[in-house]
Amino acid sequence: MKAITEGKKAERRLGLWLCAPAALVMVAVTAYPIIYSVWLSLQRYDLRFPAEREFVGLENYVTVLTNSYWWSAFGVTTLITVISVVIELVLGMALALVMHRTLVARGLIRTVALIPYGIVTVVAAFSWRYAWDDNTGYLAQLFAPDAAPLTQRASALGIIVLAEVWKTVPFMALLLMAGLALVPEDLLKAASMDGAGPWQRFTKVMLPVMKPAILVALLFRTLDAFRIFDNIFVLTSGAQQTGSVSMQTYNNLIRGLNLGIGSTMSVLIFIAVAAIAFLFVKVFGAAAPGNDGGKR
Amino acid sequence: MAEIVLDKVTKRYPDGALAVSDVDITIADGEFIILVGPSGCGKSTTLNMIAGLEDITDGELRIDGQRVNERAPKDRDIAMVFQSYALYPHMSVRENMAFPLRLAHVDKETINRKVEDAARILDLGQHLDRKPGNLSGGQRQRVAMGRAIVRDPKAFLMDEPLSNLDAKLRVQMRTSVAKLQRRLGTTTVYVTHDQTEAMTLGDRVVVMRGGLVQQIGSPQALYDQPVNLFVAGFIGSPSMNFLPATLADGQLNTPLGAVPLTDRIRRLAEAAKAPREVIVGLRPEHFEDAELLDDTERARGVTFTATVEVLESMGSDKFAYFLVEGETATSAELDTLAAETGSTEMTDSGPQIVTRLSAASAAHEGAELDVWFDPDKLHLFDPGDGRTLTHVK
């Protein structure tokens with residue numbers, strides 16, 4: 001008995017040692033920057049006036065959270081996130097179903113469908129910009145000649161969402177396709193025998209069985225979408241109040257050289273993203289199928 | 001309740017492969033019919049065509065006299081039990097069983113009553129609020145049955161419903177399925193690859209092979225009067241022994257020695273225009289340890305002496321395996337049977353014979369034994385096309 005405990009102890013010690021290098025790397029590249037930006041966010045620290053650096057507590061947070069620009073950016077970010085993720089979910093599901101059901105040229109179709117995701121975001125964003133530009137834009141000419149859609153808030157936001165959706169639908173579809181593979185063929189056959197039509201099979205059998213995969217896909221995409229930066233940077237640079245929170249952070253931290261306010265904004269984004277993740281994991285954990293444990 | 005008629009039903013896949021060819025079966029109202037055969041014989045495809053899960057390429061399927069080829073599964077009013085049970089993992093047992101009723105817009109009270117009734121019949125009462133993931137295999141199987149019976153459909157289709165259970169539970173569930181079917185009196189089509197299940201459950205059994213119906217009949221008829229080598233070898237456990245033989249001068253020359261033809265067999269063989277070279281089929285249970293028989297009985301049959309190769313004592317009987325000198329019976333039919341049923345009885349050293357002896361037999365491995373058999377029980381087959389030569393009209 002004692003020998004077993006000794007063996008177990010040694011095994012556990014070995015396990016810790018084997019984890020140590022990875023843990024160290026994680027601390028160096030993740031924990032340290034996070035802690036350091038929290039530390040910076042508690043200081044007045046502007047590189048233009050380095051002499052004025054001092055510890056100010058939560059003053060930066062009060063400044064940011066009472067600022068209407070911040071809240072406008074926050075609203076824009078939330079709007080883009082919600083709309084683009086919803087559209088991506090619907091289109092991604094449709095694409096996943098098509099790819100799942102395709103019998104001929106399966107590999108080719110899947111590869112072609114993934115091309116937008118393979119293109120660097122900035123490159124894709126530039127081609128969207130040319131397409132909608134008021135001089136060169138062939139799409140702008142097509143829909144609204146003489147207009148400059150990228151210079152108006154509503155249309156600019158629409159184009160940002162479009163670029164975002166175009167790029168990430170394949171990713172969504174890929175994640176959802178993994179979920180589709182989890183739905184046993186027999187289950188759908190059983191549902192047809194039980195009297196379910198195609199729509200009922202989809203909503204009453206497929207979707208509930210795929211729920212974990214859908215939630216994971218939504219979690220990934222929401223976290224990603226909330227941090228949107230490159231599309232906006234290329235398309236509008238945040239003009240006409242189209243900037244996201246990440247744009248604001250960039251403007252303050254890199255262009256404004258205000259390390260204190262910039263860090264405060266990154267910490268706030270971090271908190272928002274953590275909150276989204278927490279929400280999803282909570283819902284996700286409570287809704288895993290086959291998990292019956294005392295929730296009724 | 002319904003009569004189901006398959007009229008020259010054929011399934012051909014787009015790549016040209018013929019899965020089921022010209023199947024003619026008339027299933028009477030309330031009948032329990034079994035489709036049996038080795039894997040790939042077309043039995044599941046046939047079942048899926050009745051269900052509507054596969055299109056029918058040719059022929060007609062009628063339920064209660066109405067052509068249903070073009071009807072969707074949900075409009076055929078038949079329920080199906082799957083080998084995997086196909087229970088909805090996100091629904092409780094109650095919701096699983098209520099699902100078909102909910103889709104049919106049955107009112108809540110009726111749904112509750114029907115589900116409770118089915119649960120009582122299947123002894124699932126205390127599990128109604130559990131999820132399938134927390135049930136044992138046998139319980140899941142019963143939920144699948146429950147989902148089928150709540151609807152009171154015209155027919156049940158069962159696709160190897162007991163294959164995923166362990167041996168003991170399978171035997172238990174077999175009797176419950178038979179009892180349930182008798183109680184409800186619903187037309188049932190049951191697919192299995194297990195000939196024991198086929199023999200014990202069905203009113204009639206359809207033996208299929210390579211997409212073709214080989215024989216349709218009661219279990220006893222299939223056992224007593226197999227129409228060809230395939231059915232003869234497939235029905236019965238252990239399988240029938242096959243030996244090559246020559247018909248000459250009113251007797252059969254076999255590796256077991258000369259066997260006189262009884263009048264009955266001679267007449268049947270003549271009527272069938274038997275060739276000279278034939279295959280003799282002998283069921284293991286038609287052998288006996290000669291020591292255990294009195295003289296008159298011994299004189300009625302044929303006795304040969306051979307060395308017991310392997311002896312399996314079952315308690316109730318003893319299975320004795322012998323190697324016999326001579327050629328192994330060869331026929332294209334037998335080869336496919338061996339390949340399809342995965343039997344490995346093909347030995348190089350001559351044919352092997354399985355006999356089922358009384359438990360009282362003193363046989364033991366390695367010793368010689370006098371073995372008796374009744375020549376009137378033997379079957380003769382044409383090695384060319386495998387048809388029986390001893391068919392009683």
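The values are calculated or read from the model by the stated rules, or taken from the named source; none is laboratory data. Small disclaimer: the values here were computed from a predicted structure and weren't measured. Positions of Cβ are backbone-derived with ideal geometry, glycine not excepted, and every protein chain shown enters the neighbour counts.
Before we move on, is residue A:55 more than 28 Å from residue A:156 (Cα to Cα) and of a type in the set (Phe, Trp, Tyr)?
Yes: the conditions hold for residue A:55.
Among all residue pairs at least 6 apart or on different chains, which show Cβ distances below 7 Å where the first residue, located in segment A:39-51, is assigned to a helix (DSSP H, G or I) and the second is of a type in the set (Ser, Thr, Tyr)?
The qualifying pairs are A:40/A:263; A:41/A:263; A:41/A:264.
Please count how many residues of segment B:93-121 are within 12 Å of chain A (Cβ to nearest Cβ) and either of a type in the set (Val, Ile, Thr) or closer than 18 Å to residue B:158 by Cα (or both).
5
Could you tell me whether residue A:183 is β-branched (Val, Ile, Thr), outside any helix (DSSP H, G or I) and either assigned by TED's automatic domain parsing to the domain that holds residue A:283 or farther than 30 Å from residue B:146 by Cα (or both)?
Criteria met by residue A:183.
How about segment B:294-313: which of its residues are surrounded by fewer than 16 Cβ atoms within 10 Å (Cβ to Cβ), of a type in the set (A, V, I, L, M, F, W, C) and in contact with a strand residue (DSSP E or B) (Cβ under 9 Å, 6 or more places away or on another chain)?
B:310
Regarding residue A:85, is this residue touching a residue at least 12 places away in the same chain (Cβ under 8 Å), touching a Phe, Trp or Tyr at 6+ places or on another chain (Cβ under 6 Å) and aliphatic (A, V, I, L, M)?
Spelling it out, it is not the case that residue A:85 is touching a residue at least 12 places away in the same chain (Cβ under 8 Å), touching a Phe, Trp or Tyr at 6+ places or on another chain (Cβ under 6 Å) and aliphatic (A, V, I, L, M).
Filter segment B:67-92 down to the residues that are in contact (Cβ under 8 Å) with a residue 12 or more places away in the chain and more than 11 Å from chain A (Cβ to nearest Cβ), then identify the one that is farthest from the chain's Cα centre (by Cα).
It comes out as B:71.
Could you say which residue among B:81, B:93, B:150 is farther than 23 Å from residue B:189 by Cα and of a type in the set (A, V, I, L, M, F, W, C)?
Answer to the selection: B:93.
Just the residues that are surrounded by 21 or more Cβ atoms within 10 Å (Cβ to Cβ) and at positive phi, please, taken from segment A:194-237.
The answer is A:195, and nothing else.
Here are A:58, A:42, A:139, A:103: which of them is out of contact with any Ser or Thr (no Cβ under 6 Å at 6 or more places or on another chain) and under 30 Å from residue A:206 (Cβ atoms)?
A:103
Surrounded by fewer than 16 Cβ atoms within 10 Å (Cβ to Cβ) and either in a helix (DSSP H, G or I) or modelled with pLDDT under 90 (or both): does that describe residue B:291?
No.
Among the listed residues A:208, A:184, A:198, which satisfies the condition of being within 18 Å of residue A:100 (Cα to Cα), more than 9 Å from chain B (Cβ to nearest Cβ) and not aliphatic (A, V, I, L, M)?
A:198
Could you please give the count of residues in segment A:224-279 that are small (Gly, Ala, Ser), at pLDDT 90 or above and in a helix (DSSP H, G or I)?
9
Against the conditions (1) within 19 Å of residue A:254 (Cβ to Cβ); (2) modelled with pLDDT under 90, where does residue A:56 fall short? Just the number, please.
For residue A:56, the exception is condition (1).
Only one of these is in the same structural domain as residue B:222 (by TED's automatic domain parsing), surrounded by 15 or more Cβ atoms within 10 Å (Cβ to Cβ) and in a loop (DSSP other than H, G, I, E, B): B:61, B:53, B:47, B:35. Name it.
Result: B:53 is the single residue among B:61, B:53, B:47, B:35 that is in the same structural domain as residue B:222 (by TED's automatic domain parsing), surrounded by 15 or more Cβ atoms within 10 Å (Cβ to Cβ) and in a loop (DSSP other than H, G, I, E, B).
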